[in-house]
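The values are calculated or read from the model by the stated rules, or taken from the named source; none is laboratory data. Just so you know, these numbers come straight off a predicted model, no measurement behind them. As a convention, Cβ positions derive from the backbone with ideal geometry for all residues, glycine included, and neighbour counts pool all protein chains shown. Calculation scope for accessible area: heavy atoms of the full protein, side chains included, ligands and nucleic acids excluded. Shrake-Rupley method; radii C 1.70, N 1.55, O 1.52, S 1.80 Å.
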Amino acid sequence: KNRTASNIRTIFQKNGGLGTIILSRPSVLNAYNTKMRDEFWEILNAIKIDDEISVVILKGEGPRAFCTGADLTEFGTSPSPNIARQIRYERAIWELWISIPKPFIACLHGFVIGSGLEMALLCDIRIASPDALFSLPETSLGMLPGAGGSQTIRRTTGLSEGLRILITSAQFDALEAKQLGVIHQIVESDQLEITSNRIAQDLLAKDQTLLRAIKLAVTEGTDLPLQQGLELESRLVAQTLASISS
């Protein structure tokens, strides 16, 4: 995507093996609308098939927010064809995302709300500045999470805390987010991008076949019985050894 194009709301930049996705509607705190979703879908497909891209950073543009969730001014008033389109894309886009066996790093600041938090939870490493504020407010708005939140939050925090966050629409700051496991590290705002890029470069220096195999082993093995999970690991070990030896 071309950063200078005024109609682009989800920017994609590629620098060697590093891909960067930027949510770019800062005037509305990067609220996630239909256009962004369509662009995001295209970007994720490109990342999945591009063998040069090994690591991805996701961040939000502007000083106030990573993403405040779905743009309710649009989603709440869409005519029926748009609603059908919304449902179709939402069901597919998150499944597409989790099918990509490449590390994603979330670079979080300001408001990380609703689908903003849900997108962060789909990333593998989450770094936040001290001003970050988190919430899944959907139940207070008469809705259910639509971007995987009911599944990802409890896998991240554990069942009890995940359910509490969902049913109470609790807001929590960066310190509590770290304690809950929602984020992995808190860094000062001026160090957020530097830290995320350093982690990305460390990952790029590793064997990409191994990294993808590890992500597959963890993500696909999460809900398997232990025996099946061990069998999955064994298959991935054999595939990786065969790939390295060839």
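For segment 38-56, enumerate the residues that are under 12 Å from ILE11 (Cβ atoms) and among the hydrophobic types (A, V, I, L, M, F, W, C).
PHE40, ILE43
Identify, please: which residue in segment 94-114 is open to solvent by less than 10 Å² (accessible area, probe 1.4 Å) and small (Gly, Ala, Ser) and is, among those, farthest from ASP173 (Cα to Cα)?
ALA106
Here are the criteria: (1) open to solvent by 80 Å² or more (accessible area, probe 1.4 Å); (2) more than 17 Å from ILE98 (Cβ to Cβ); (3) part of a helix (DSSP H, G or I); (4) without any contact (Cβ under 8 Å) to a residue 60 or more places away in the chain. Tell me which single one ALA242 does not satisfy.
(1)
If you take the residues of segment 133-159 that are open to solvent by 10 Å² or more (accessible area, probe 1.4 Å) and hydrophobic (A, V, I, L, M, F, W, C), which of them is farthest from GLY62 (Cα to Cα)?
Applying the first criterion (open to solvent by 10 Å² or more (accessible area, probe 1.4 Å)) to segment 133-159 yields 133, 137-146, 148, 150-152, 154-159.
Now narrow it down to the ones that are hydrophobic (A, V, I, L, M, F, W, C): 133, 141, 143-144, 159.
Working: LEU133: 15, LEU141: 26, MET143: 27, LEU144: 28, LEU159: 33 Å.
Filtering segment 133-159 for residues that are open to solvent by 10 Å² or more (accessible area, probe 1.4 Å) and hydrophobic (A, V, I, L, M, F, W, C), the one farthest from GLY62 (Cα to Cα) comes out as LEU159.
Just to be sure, is SER160 within 24 Å of PRO103 (Cα to Cα) and not charged (D, E, K, R)?
Criteria not met by SER160.
Mind listing just one residue for me: the one in segment 54-81 that is at pLDDT 50 or above and in a helix (DSSP H, G or I) and, of those, most open to solvent (accessible area, probe 1.4 Å)?
Of everything passing the filter in segment 54-81, THR73 is most open to solvent (accessible area, probe 1.4 Å).
When the residues of segment 170-223 are narrowed to those that are within 15 Å of PHE104 (Cα to Cα) and among the basic types (Lys, Arg), which ends up most open to solvent (accessible area, probe 1.4 Å)?
Ranking the candidates gives ARG198 first.
Can you pull out the residues in segment 187-246 that are over 20 Å from the mean Cα position of the chain (by Cα) and among the hydrophobic types (A, V, I, L, M, F, W, C)?
ALA205, LEU210, LEU224, LEU226, LEU230, LEU232, LEU236, VAL237, ALA238, LEU241, ALA242, ILE244
Which count do you get for residues in segment 160-169 that are of a type in the set (Ser, Thr, Tyr) and open to solvent by less than 80 Å² (accessible area, probe 1.4 Å)?
Adding up the residues that qualify gives 2.
Could you count how many residues in segment 122-132 are crowded, with 23+ Cβ neighbours inside 10 Å and either under 12 Å from the mean Cα position of the chain (by Cα) or of a type outside the set (A, V, I, L, M) (or both)? First the steps, then the outcome.
To start, the set of residues in segment 122-132 that are crowded, with 23+ Cβ neighbours inside 10 Å comprises 126-128, 132.
Then keep just the ones that are either under 12 Å from the mean Cα position of the chain (by Cα) or of a type outside the set (A, V, I, L, M) (or both); that gives 126-127.
Number satisfying all stated conditions: 2.
For segment 190-207, which residues satisfy the criterion of being among the hydrophobic types (A, V, I, L, M, F, W, C), closer than 21 Å to PHE66 by Cβ and out of contact with any strand residue (DSSP E or B) (no Cβ under 7 Å at 6 or more places or on another chain)?
ILE194
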